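First comes the structure, then the notes that go with it.
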Amino acid sequence: MKTNSKSIVFHPILFAIFPVIFLFSNNIEELEFQDIFLPLLLVLSITIGVWLSLRYVLKNTLKAAFIVSILLVIFFSYGHIYELFDNVIVNPDIVKSRYLVIPFLILLVVGIYYFIRTNRKLNNATTITNFITIALILTVSFNIGTFYADSKGSSFENSFPHIESEQPTSIQLDNNHLPDIYYILLDGYAGKNALKEFLDFDNQEFYSFLNNEGFYVEEQTYGNYPITAMAMVSVLNMQYANHLADLVGTESVNLHPTFELIYDNLVMKKLKSNGYTIINFETGADYVDEFKNLDLYYCKNNSLLEHKLTSVLLQTSIIGYFVDKIEYQEHRNRILCTFSELSQIKNIDEPTFVYAHLVLPHVPYVFTPDGEPRDPVSRTNLENDQDIEGYINQIKFTNTEMQKIVNKLLYKTSEPPIIIIQSDHGSDFGLDWKNVSEDMIRQRMSNFQALYLPNENVDLTTKSSTPVNTFRIIFNLYFDGNYEMLPDKVYWNDYYKPYDFKDVTSILISD
């Protein structure tokens, strides 16, 4: 078999590039441009290696190229077809991997057999396929270019200038008398009333435990925003984030400004200036894993799947089923490691601020009430899970582990720390982001909040029930601060327009 030297072949390279930049484009609001380099390197290296090997065996560049392209299309399109059927087909058996993989393998075998056996010249087919891949790449590249063209390049580091006017001088206290601070964020943990009303679960036992241990736990509290990134911007900077709408525009979907404000947040900056050691735990969510003032980082996992774009790329491939299994276990390991290490931090002379963001009881639902492994039934559960039982199971598991941690933190030393246990938002069962009802808002915005304030009364906490004031309370009580309590406001936004804030306070909080 001869190779036609007049044919220019590059469609396997572009087929290898396309799934990477396609997924990057779909997740661009949460990713950095440099995130594409690692998956591109991996995919291109394997593609070129397989192509050269097949070319050596078949002695035909064009045939080898088409076989590689078929392999790439089958490999990377499988997950998207799986999710399409999983969303529209009622009978779940039809989308189970062991069934869906059969037609894909048949197509693969038939395609490979055809190109090995064919005697047709493939010059025209090569040209057409080259142009198809060029069109695909240009289309996605245009979307990426448009996103960056619309994004403003200004820094948001000092976008909260007005908050410092409340605190004209830096706080400098004796390090020997500064308390350790534990801020434990339980992602998606709904408040007591919402759990009872919407999910028929009574969480009174956990509330009673915390009350008996000296925590201040309100029966009903609300988050300030329904999106985690925006919620963390407000709590860690002690200010509402609505000013971002003026800076980036209400039509923007770019979440990078919020990540920047979380990365260099005011709370850690102030604590660092007072000699605190800042400690964090890996969560799997990049924007709460890295902080500018971070000193120690626990439970680090160097797995390839920790790279978000690489993980998504493999999840949507034909090996996605196995990737999911690995990711579920890694997710369990991160949470179990955090629970294990959280109450054992020691041998640090300076006061410590411990930030632990637990993706729990948030999806994926990978724990039974007793903490045993459990895998979600469907891969799409990661995005739109209506498994109420799985959520409640993780609430129960979280409660058990938090009771252990509270007991260890309160009684391991003669000077107990400040402990803040809080959630960013509540649950979202039945939530339609594009058609939001008042009940949906009440369920999503009902959060959990418990404060342990050693050697202080709780008068200040009764003046606010939303997280934006949490660290204003802490700085006023323990650092001689003079921060005013902001009025409790609840704003609704969504992932389609994260900076289009709508005041829904009147739905939730009575005057």
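Tabulated values for the structure
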quantity	calculated
Accessible area of Glu330 in the full protein assembly, 1.4 Å probe (Å², nearest 10)	20
Solvent-accessible area per residue for the chain (1.4 angstrom probe, square angstrom)	46
Nitroxide proxy distance, nm - points 7 Å out along Cα→Cβ at Ser303 and Asp349	3.8
Where Arg117, Arg374 fall by accessible area, highest first, once all protein chains stay in place (1.4 Å)	Arg117, Arg374
Sparse-neighbourhood loop sites, trypsin sites (Lys or Arg not before Pro) in the range 284-371 - DSSP loop, at most 13 other Cβ within 10 angstrom	Lys300, Lys346
Cα shape, the range 253-331, gyration tensor, a/c 1.5 rule	oblate
Efficiency of FRET between Asn407 and Thr368 - r from beta-carbon atoms, R0 25 angstrom, step 0.05	0.65
Simple spin-label estimate for Asp375 and Asp200 in nanometres, 7 Å along Cα-Cβ	3.0
Arg120-Asp150 FRET efficiency (beta carbon distance; Förster radius 56 Å; 0.05 resolution)	0.75
3J(HN,Hα) from dihedral phi, the range 198-215, Karplus parametrisation 6.51/-1.76/1.60, rounded to Hz, x for glycine, proline	9, 10, 6, 10, 9, 9, 4, 4, 5, 4, 5, 4, 5, 4, 5, 8, x, 7
Solvent-accessible ranking of Asp500, Asp480, largest area first, probe 1.4 Å	Asp480, Asp500
Which of Ile144, Trp492, Leu195, positive extreme of dipole for the chain (C-beta unit charges)	Ile144
Of all accessible heavy-atom area on the chain, the percent that carbon and sulfur account for (1.4 Å)	55
Per DSSP, loop trypsin sites (Lys or Arg not before Pro) in the range 39-69 with at most 16 further Cβ within 10 Å	Lys59
Accessible surface of Leu453 - all protein chains present, 1.4 Å probe, nearest 10 Å²	10
Cross-link table Lys300/Lys412; Lys346/Lys404; Lys63/Lys121; Lys270/Lys300; Lys292/Lys404; Lys270/Lys412, entries beyond 20 Å C-alpha to C-alpha	Lys300/Lys412; Lys270/Lys300; Lys292/Lys404; Lys270/Lys412
Taking the C-alpha atoms of the range 311-368, convex hull volume expressed per residue in Å³	111
Heavy atoms of Phe18 accessible to a 1.4 Å probe, total area in Å² rounded to 10	50
FRET efficiency estimate (nearest 0.05) - Cβ-Cβ, Leu41 to Asn333, R0 22 angstrom	0.25
Under-5 Å amide H pairs with Asn447, H placed in peptide plane, nonlocal only	Gly191, Thr221, Tyr222, Gly223
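The values are calculated or read from the model by the stated rules, or taken from the named source; none is laboratory data. On a predicted model such as this, the values are computed, not experimentally measured, just so you know. We place every Cβ from the backbone using ideal geometry, glycine too, and count neighbours over all the protein chains shown. What goes into the accessible areas is simple: the full protein's heavy atoms, side chains included, and nothing from ligands, DNA or RNA. Shrake-Rupley method; radii C 1.70, N 1.55, O 1.52, S 1.80 Å.
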